[in-house]
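Engineer: Dropping the structure in here first, questions after.
The values are calculated or read from the model by the stated rules, or taken from the named source; none is laboratory data. Only a predicted model underlies this, so the values are computations on that prediction, with no experimental measurement involved. Note that each Cβ is placed from the backbone with ideal geometry, even for glycine, and that neighbours are counted across all protein chains shown.
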Amino acid sequence: MKKSILFIALIAATGSLFAQKKMTTSGTVNFDATTSLDQLPKAENKTVIAAIDTKNGNIGFEVPMKNFTFGNPRIQEHFNGPKWLDSEKFPTATFKGGITNIASVNFSKDGTYDADVAGDLTIHGVTKPVKSTGKITVNGKTVSANTEFTIKLEDYGVDGPQIAAGKISKEPKIMVSADLQ
Amino acid sequence: MSVTKKKLNPWFKRVLFGIVLFAVLGAGAIWYIFNEKFSDTSGVNADLTISAMDLIHEFEKNDSLANKKYGEKIIVVNGMVSEVEGADTTVNLKMADTSTGSYIIFAFQPQHREEAKGIKQGQEVSVKGSCSGGAFSQILGTEFITFKRCALNK
């Protein structure tokens, strides 16, 4: 009973952040840190929580770090290990921000719109402001969001000999896509 | 004119053999590490079996403890599918506690994605996968538990 009350209270609280929200718990983030020396460090995560408020353009993402799937077990272990992203200590990466050109996106009309996004990206416990451009596609009740950007690993306190040796890209590509309803 | 054959010092031979053996073993180990892949989950023995509701309640009670207990273990979860959610070109299955909103979400191994598409909301299923652990979502205000490399447990 207490949990039900807490759940309703939290829904009400988050409702103020995302008053007219569209959501998914199956957003996708692809991580690509491959280099000419090593094609292994790339992964995908299809269990990303994403929310967008169609009224004010607020956007939120939560990425469970340990659910990135790599092809190679050793690379996955390194990725989550204490010398890399330390997923035990920092289980989620988050983005909190919004669409800065909200007037250019019409959520009540089907179509594809260019969106400028800015906000705070937190990875490995380090928060940095980021800007990116992406596409918002409105198709009936579904809003699809897509963007691609790079991050500098050193900005988020991630380094090591394999990065220095060029086996892991210092600026991996991050591709985000989500169908929100 | 006579040709004299110089004999190699036996110790030098042993050292040379050791270096060659070390190089071959090292190359083999590197080849194995770089070519190692995750096994098909359907053929991997599960560490334990649990109902979806019991697993959710354990994470809700104490997710640090539950993460230590279940993290990176191969687990069979039995329960009712509360949602089949589109994930890019494939689907994830969800099992949720409707009273709290907490849920488990299963992302399937590429070779098992088609079988997930055949599952309907409300269906009782058994899913085997690698438990990545749980966390509290600031966006949803609920506990969420993620699984990767899943397959239907037949």
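Engineer: Is it the case, given these coordinates, that residue B:118 is under 21 Å from the mean Cα position of the chain (by Cα) and either surrounded by fewer than 20 Cβ atoms within 10 Å (Cβ to Cβ) or within 9 Å of chain A (Cβ to nearest Cβ) (or both)?
Structural biologist: no
Engineer: Among the residues of the range A:50-89, which ones are touching a helix residue (DSSP H, G or I) at 6+ places or on another chain (Cβ under 9 Å), crowded, with 18+ Cβ neighbours inside 10 Å, part of a loop (DSSP other than H, G, I, E, B) and more than 9 Å from chain B (Cβ to nearest Cβ)?
Structural biologist: Passing the criteria: A:57, A:84, A:85.
Engineer: Ok, one more. Select from the range B:31-48 the residues that are hydrophobic (A, V, I, L, M, F, W, C) and within 11 Å of chain A (Cβ to nearest Cβ) and write down the one among them that is nearest to residue A:70 (Cα to Cα).
Structural biologist: Filtering first and then ranking leaves B:38.
Engineer: For the range B:57-68, state whether one or more residues are among the polar types (S, T, N, Q) and free of Cβ contacts under 8 Å to residues at least 24 places away in the same chain. Break it down into steps so the answer makes sense when it comes.
Structural biologist: From the range B:57-68, those among the polar types (S, T, N, Q) are B:62, B:64, B:67; that's our starting set.
Right, trim to free of Cβ contacts under 8 Å to residues at least 24 places away in the same chain and you get B:62, B:64.
Yes, the conditions are met somewhere in the range B:57-68.
Engineer: Among (1) modelled with pLDDT under 85; (2) in a helix (DSSP H, G or I), which single condition is residue B:55 missing?
Structural biologist: Going through the list (1) modelled with pLDDT under 85; (2) in a helix (DSSP H, G or I), residue B:55 breaks only (1).
Residue-wise test of (1) farther than 22 Å from residue A:23 by Cα; (2) facing another protein chain (nearest Cβ under 7 Å); (3) surrounded by fewer than 19 Cβ atoms within 10 Å (Cβ to Cβ).
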residue: B:82; (1), (2), (3): no, no, yes
residue: B:102; (1), (2), (3): no, no, no
residue: B:122; (1), (2), (3): no, no, yes
residue: B:149; (1), (2), (3): yes, yes, no
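Engineer: Within the range B:107-143, can you find the residues that are touching a Gly at 6+ places or on another chain (Cβ under 6 Å) and in a strand (DSSP E or B)? Don't jump to the end; show me each part of the working.
Structural biologist: Filtering the range B:107-143 down to residues touching a Gly at 6+ places or on another chain (Cβ under 6 Å) leaves B:133, B:139, B:142-143.
Matches in the range B:107-143: B:133, B:143.
Each row is one residue, and each column tells you yes or no for (1) facing chain A (nearest Cβ under 8 Å); (2) touching a Phe, Trp or Tyr at 6+ places or on another chain (Cβ under 9 Å).
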| residue | (1), (2) |
| --- | --- |
| B:64 | no, no |
| B:76 | no, no |
| B:85 | yes, no |
| B:98 | no, no |
| B:137 | yes, yes |
| B:142 | yes, yes |
| B:145 | no, yes |
| B:152 | no, yes |
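Engineer: Give the residues of the range A:105-133 that are within 29 Å of residue A:90 (Cα to Cα), touching a residue at least 40 places away in the same chain (Cβ under 8 Å) and β-branched (Val, Ile, Thr), sorted by residue number.
Structural biologist: A:117
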